[in-house]
Amino acid sequence: MGDDHAVPGASELGQEMYQLVTELYPICRSITGDGVRRTLELVGRHVPLETFEVPSGTQVFDWTVPKEWNIADAWVKDPRGERVIDFGESNLHVVSYSTPVRMTVSLAELGEHLFTLPEHPEWIPYRTSYYREDWGFCMSEDRRSRLKDEDYEVCIDASLEAGHLTYAECFLPGRSEEEFLVSCHVCHPSLANDNLSGIAVASFLARHLSRLDLRYSYRFLFIPGTIGSITWLAHNETAAARTAHGLVVAGVGDPGPFTYKRSRQGSAEVDRAMCHVLEHSGSPHQVADFSPYGYDERQFCSPGFDLPVGRFSRSPHGEYPEYHTSDDDLDLVRPEHLAESFIQLLAAVELVEHNGTYANTNPKCEPQLGRRGLYKAVGGQADQEAMQLALLWVLNQSDGSRSLLDIAERSGLVFGTVRRAADALAEHGLLEETSPASQR
Amino acid sequence: MGDDHAVPGASELGQEMYQLVTELYPICRSITGDGVRRTLELVGRHVPLETFEVPSGTQVFDWTVPKEWNIADAWVKDPRGERVIDFGESNLHVVSYSTPVRMTVSLAELGEHLFTLPEHPEWIPYRTSYYREDWGFCMSEDRRSRLKDEDYEVCIDASLEAGHLTYAECFLPGRSEEEFLVSCHVCHPSLANDNLSGIAVASFLARHLSRLDLRYSYRFLFIPGTIGSITWLAHNETAAARTAHGLVVAGVGDPGPFTYKRSRQGSAEVDRAMCHVLEHSGSPHQVADFSPYGYDERQFCSPGFDLPVGRFSRSPHGEYPEYHTSDDDLDLVRPEHLAESFIQLLAAVELVEHNGTYANTNPKCEPQLGRRGLYKAVGGQADQEAMQLALLWVLNQSDGSRSLLDIAERSGLVFGTVRRAADALAEHGLLEETSPASQR
Amino acid sequence: MGDDHAVPGASELGQEMYQLVTELYPICRSITGDGVRRTLELVGRHVPLETFEVPSGTQVFDWTVPKEWNIADAWVKDPRGERVIDFGESNLHVVSYSTPVRMTVSLAELGEHLFTLPEHPEWIPYRTSYYREDWGFCMSEDRRSRLKDEDYEVCIDASLEAGHLTYAECFLPGRSEEEFLVSCHVCHPSLANDNLSGIAVASFLARHLSRLDLRYSYRFLFIPGTIGSITWLAHNETAAARTAHGLVVAGVGDPGPFTYKRSRQGSAEVDRAMCHVLEHSGSPHQVADFSPYGYDERQFCSPGFDLPVGRFSRSPHGEYPEYHTSDDDLDLVRPEHLAESFIQLLAAVELVEHNGTYANTNPKCEPQLGRRGLYKAVGGQADQEAMQLALLWVLNQSDGSRSLLDIAERSGLVFGTVRRAADALAEHGLLEETSPASQR
């Protein structure tokens, strides 16, 4: 497994991921229902998925798997029979998990079920009502303001009935039973960045890793937000306990700076790896401390699990204007942003894959690098000085107690250089691995 | 016990405290004598006090309780019989603990016993000579410069004889034997901020707490500086060892910024509580590290005791021009400054009173707050967002190892909000207290 | 042993050290050979030295002691018999460890063995080829550019044969077997700052200490760089293990700011001592974290030894333009810079010599300093306030767990004041030493 961060074909890869986003975009997803099933089917064309169906009513910790929701059509018609709201135009028009309804109401009555975004009068907001049975429509403030004071026929042709919650896993076995968990939520309808971007990047990362010889086992979760991670954790406590590293991937297709949110543990290896990768990425980025508000890291980092799971995003949820609106569309997400996000995630994966701990076999004084051809002889011209320093740092710090990431952090050198130095020293018998990451 | 920091009646309270300062101001206090007794008598009208009399000559650690000093009158007369210095005008005119004297001296001889403040020519300095028997007068540089070169009759009608050192305690028993110590010095004559302000605020804090159901027991000390705290510690080692938190209160009536000086321990709970309160006070404030120079925290924080006792002041001693001069008067201290100081102290007391440690009873994943009415349903409109975050933070962090103050510090939320969130969660059985402050 | 940092006769001392630099300057030194022997002979006139000769071929850890190199003369002559390069003018002209050579070559062939510094066309660079047998000449770019395209006669009258590596020690026994190691490299030819300055300062520091009653034993090493420290460590593992503190001294005669490079341990006592001394030096200075690149600290701080050895320099090696060129000459080094460096080193030595740990014999409350004449009575007028604070700090912190350096660091006071306070308190029986540095 190489660590060439200038991933060959990044441009094509960006196009492939964007293509998947485009295919998934029209589907009306929610936390249950056929939209999720159709989504997993499309993802499954790229990576091997195992799909799970959990019956409504199943108790999962403090929660209960809800009824399954499906929707065929929905509209509001004015007295002239014209659709003033049409689900066919955008699935954001219907509040997710709306109960079925068919009746005629006055504008005043209808208004109690209408949601708009006055500050962005052309955009349709995204609203849900998962755990309180109700119905509603979302529309632009512009259209809302043109509604006349007359009666309207309302139809939501939906079903809310006992069924299943659907999620999928892609498991890639590695040499170790310890797992690297990557989780993305699949419950949002036509919102491109949140989270078709995460689904696409996770899918193609899984595809990329599936072709490699891996130290860790990798488990990719495609789950509905909150109830999905709770359901998975309730049914997979043993697997969860094997989680050595984890990332929630969401909102990775917009042009914002990379954002890493630390796990509850704060400086778990995955936290340090992501921080190191972003620090050396040459791209704008920010690191946020853990907080119990956000995506599914809330569940993975609940005190009863406290897994080392951070979150990787670009613009953080709620902090970009298009968030949870119809403007989170196929124009907000771009192939190059998806590719850049992929590259950072892959770099973090490569880091933990190779973050071994070594012992200098010749710890008293420096070994003579010159007669082994290692003095000013490893590495290309450009990074020769860094490589020379990396050789000295690895020799000096490798007393069996410090990992290569420890050494990279202390020296200020990029992990890839430190790792290549360790490889060269190990080849010459000057270093032996004492503790691969997978045995710690 | 509520934590509404906008204490009802703060304005009236400020007036009451200022009234006490005004009553105490004319009394000539020193480290012993009737001035201290009269002071404690006036304080005793507001809170139940137990007064102690320790005989002169008593050995207290490395020190000896000194002779008792009392003064009836003192003056310096010119040859025309006119009083050029008159104790009746200001008790600062006589160096505290001056030996009795009655004689006629030349201006040159008198000059060796005169103290002025050339840099503030209108002010009378405050001087003492507790442990070296001598006599002296303090006066303004303006008056000093007008003294003619002639003979003066000098009289200090004082007594320095075997007697007692007087101090008092107000003890408020709580549910725990662990104590919160509040100490103020009562040895300064007509100096309003140093320390009638501390006496007044401590007295009314004691009065306020005496009406409440308390976790900690509270012990308020009204003692002369240095020799008083040494005497108290020498006679109360067992009580001292019960001190869980403590504060020296001095100089809390001037308009300066709040100043908290950490205990020798540095981050004891009282240190963290005061820092948290001041940080969220919205008022100018500063926090100083411990140093062994200052008021009675020097004794409480001596290495043989090392009690968690910090100091709460406004302008630090020695750092405002009126310090130890006749301009530390009833104009420097204002009712509103006293009230503001009271509010900060009360907030710190409330914090440690309620700084419990809890365990989330449902630690695996989040509990479903919505069905319990806790989702966006607790707290007023204004702080609804903070309350929602506080619920999540308390659930996430409460694994039995973190106190509510730990959670407030990590989340950046104010303690009161965190505490209300914990109360709401505990009411719904989602949290149980594992370790109240009083059992740690 | 006093700590008066305004060392009496610093000016004369600077002159004496500069005189030694001047005597050593013309000698052609390398990592072996008679130049080193002659150097040690001159140093030995000031301090008692024991000289060691280690045979070529001796295995020292991963290295082998090389053949001994000596040189009598070297030159390049043009067809007219004129010396265009002459070893007699500067010993930098010959690449150190050049093999013997005598032949006629074209300018093109000669050019492959010529080294210049195009960015400083008047300077001769300094080059070596210790571990790869080769020959070469160094010259100024100015002269190089005037060479015509004709044949040149080349002569290096050198010998590279089995012999010895020479180094010396000056050992000063102290009351403790624990050692303070001072190491300087003696392998560079006519380069004044690197490292005749270090040799001179180390020599005179040894002379100064040899006249004192010392707590620690001191070991001064005069060794060739890299192979010398490796050889010493290989032959002195037991002595090395007694190293409580250590400093590599190099480049201490130029006008640059003082530079301290921490040991691998990072905050060993010597690290903290040097930082404290420089912080209070009133002179420009910088502190660098450890890195495995530099002088012989690389070997002393290899993981198998990990000795508390830092490095003291002025301008760091490689960071001043004259470094490793003919302009590192007797003009770059000045007597006053040598003297200033001596003073900082001596201050650090005095600090660790006196860095005892004490227990307050009267730990409960403060002792009464006044009746012992210690209240505002110790120290000169100028530092009376600092001394007063130092007395309080030492009493407050001395619980047997904190050294005087701990107290100086926490209080912000200079070590000398803290030490004088401790001495005064100990004289009055208020303090007893619990753990001298030499017993820790």
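Do we have A:Gly379 as modelled with pLDDT under 95, in the same structural domain as A:Glu366 (by TED's automatic domain parsing), farther than 18 Å from A:Ala347 by Cα and not hydroxyl-bearing (Ser, Thr, Tyr) here? Yes; evaluated as a whole, the condition is true for this residue.
Among the residues of the range C:306-332, the one identified as in a loop (DSSP other than H, G, I, E, B), open to solvent by less than 30 Å² (accessible area, probe 1.4 Å) and within 14 Å of chain A (Cβ to nearest Cβ) is C:Leu307. Check whether at least one residue in the range C:157-166 is in contact with a helix residue (DSSP H, G or I) (Cβ under 7 Å, 6 or more places away or on another chain) and at pLDDT 95 or above, and report yes or no. Yes. The sole residue among C:Ser341, C:Ser401 that is surrounded by fewer than 18 Cβ atoms within 10 Å (Cβ to Cβ), under 23 Å from C:Thr243 (Cα atoms) and not aromatic (Phe, Trp, Tyr) is C:Ser401.
You will find that of A:Leu392, A:Leu413, the residue that is within 12 Å of chain C (Cβ to nearest Cβ), farther than 23 Å from C:Ile230 by Cα and at pLDDT 95 or above is A:Leu413 and no other. C:Glu89 falls short on exactly one of the conditions (1) open to solvent by 30 Å² or more (accessible area, probe 1.4 Å); (2) of a type outside the set (Val, Ile, Thr); (3) in contact (Cβ under 8 Å) with a residue 24 or more places away in the chain, and that condition is (3).
With respect to the conditions (1) free of Cβ contacts under 8 Å to residues at least 12 places away in the same chain; (2) away from chain B (no Cβ under 14 Å), C:Gly373 falls short on a single one, namely (2). Filter the range A:119-167 down to the residues that are aliphatic (A, V, I, L, M) and under 18 Å from A:Trp69 (Cα atoms), then identify the one that is nearest to the other protein chains (Cβ to nearest Cβ). It comes out as A:Leu165. Does the range B:157-178 contain any residue that is assigned by TED's automatic domain parsing to the domain that holds B:Pro308, of a type in the set (Asp, Glu), assigned to a loop (DSSP other than H, G, I, E, B) and open to solvent by 10 Å² or more (accessible area, probe 1.4 Å)? Yes: the range B:157-178 contains one or more residues that are assigned by TED's automatic domain parsing to the domain that holds B:Pro308, of a type in the set (Asp, Glu), assigned to a loop (DSSP other than H, G, I, E, B) and open to solvent by 10 Å² or more (accessible area, probe 1.4 Å).
Of the residues making up the range A:353-367, just one is more than 7 Å from chain C (Cβ to nearest Cβ) and either of a type in the set (Asp, Glu) or free of Cβ contacts under 8 Å to residues at least 24 places away in the same chain (or both), namely A:Glu353. Looking only at residues in the range C:37-50 that are of a type in the set (Val, Ile, Thr) and out of contact with any Cys (no Cβ under 7 Å at 6 or more places or on another chain), which one is surrounded by the fewest Cβ atoms within 10 Å (Cβ to Cβ)? Checking each candidate, the answer is C:Thr39.
Mind checking whether some residue in the range C:179-200 is over 26 Å from C:Glu340 (Cα atoms), out of contact with any Asp or Glu (no Cβ under 8 Å at 6 or more places or on another chain) and in a strand (DSSP E or B)? No, every residue in the range C:179-200 fails to be over 26 Å from C:Glu340 (Cα atoms), out of contact with any Asp or Glu (no Cβ under 8 Å at 6 or more places or on another chain) and in a strand (DSSP E or B).
Residue-by-condition table, conditions (1) charged (D, E, K, R); (2) farther than 27 Å from B:Tyr25 by Cβ:
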{"position": "B:Trp135", "(1), (2)": "no, no"}
{"position": "B:Glu141", "(1), (2)": "yes, no"}
{"position": "B:Glu153", "(1), (2)": "yes, yes"}
{"position": "B:Ser159", "(1), (2)": "no, no"}
{"position": "B:Leu181", "(1), (2)": "no, no"}
{"position": "B:Val186", "(1), (2)": "no, no"}
{"position": "B:Tyr216", "(1), (2)": "no, yes"}
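Would you point out the residue of the range A:270-305, among those that are within 14 Å of chain B (Cβ to nearest Cβ) and assigned to a helix (DSSP H, G or I), that is most open to solvent (accessible area, probe 1.4 Å)? Ranking the qualifying residues of the range A:270-305, first place goes to A:Arg298.
Residue selection: B:Glu336 satisfies the criterion of being in contact (Cβ under 8 Å) with a residue 40 or more places away in the chain, under 20 Å from B:Val201 (Cα atoms) and either away from chain C (no Cβ under 14 Å) or surrounded by 22 or more Cβ atoms within 10 Å (Cβ to Cβ) (or both). The condition of being more than 11 Å from the chain's Cα centre (by Cα) and touching a residue at least 12 places away in the same chain (Cβ under 8 Å) holds for only one of B:Leu212, B:Leu247, that being B:Leu212.
When the strands (runs of 3 or more DSSP E) confined to the range C:1-119 are screened for residues that are over 29 Å from the mean Cα position of the chain (by Cα) and not basic (Lys, Arg), those reaching at least 2 such residues are found at C:68-77, C:83-86, C:101-106. Taking each residue of the range B:22-41 that is over 12 Å from B:Asn91 (Cβ atoms) and looking for partners that are open to solvent by 60 Å² or more (accessible area, probe 1.4 Å) with beta-carbon atoms closer than 6 Å, six or more apart or interchain, yields B:Leu40/B:Thr51. Hey, does the range B:131-144 have a residue that's modelled with pLDDT under 95 and within 29 Å of the chain's Cα centre (by Cα)? There is at least one residue in the range B:131-144 that is modelled with pLDDT under 95 and within 29 Å of the chain's Cα centre (by Cα). C:Ser203 meets all of the listed conditions (1) small (Gly, Ala, Ser); (2) part of a helix (DSSP H, G or I); (3) more than 16 Å from the chain's Cα centre (by Cα) but one, namely (3).
From the list C:Gly253, C:Gly198, C:Gly225, pick out the single residue that is within 14 Å of chain A (Cβ to nearest Cβ), within 13 Å of the chain's Cα centre (by Cα) and surrounded by 22 or more Cβ atoms within 10 Å (Cβ to Cβ). None of the other options fit; the residue is C:Gly225. Looking at C:Trp69, is it open to solvent by less than 40 Å² (accessible area, probe 1.4 Å) and out of contact with any Phe, Trp or Tyr (no Cβ under 6 Å at 6 or more places or on another chain)? In short, no.
The values are calculated or read from the model by the stated rules, or taken from the named source; none is laboratory data. Note that the structure is predicted; figures quoted are calculated from it, not measured. Every residue, glycine as well, gets a Cβ built from its backbone with ideal geometry; the counts of neighbours run over all protein chains shown. These area figures cover heavy atoms from the full protein model, side chains too; ligands, DNA and RNA do not enter into them. Shrake-Rupley method; radii C 1.70, N 1.55, O 1.52, S 1.80 Å.
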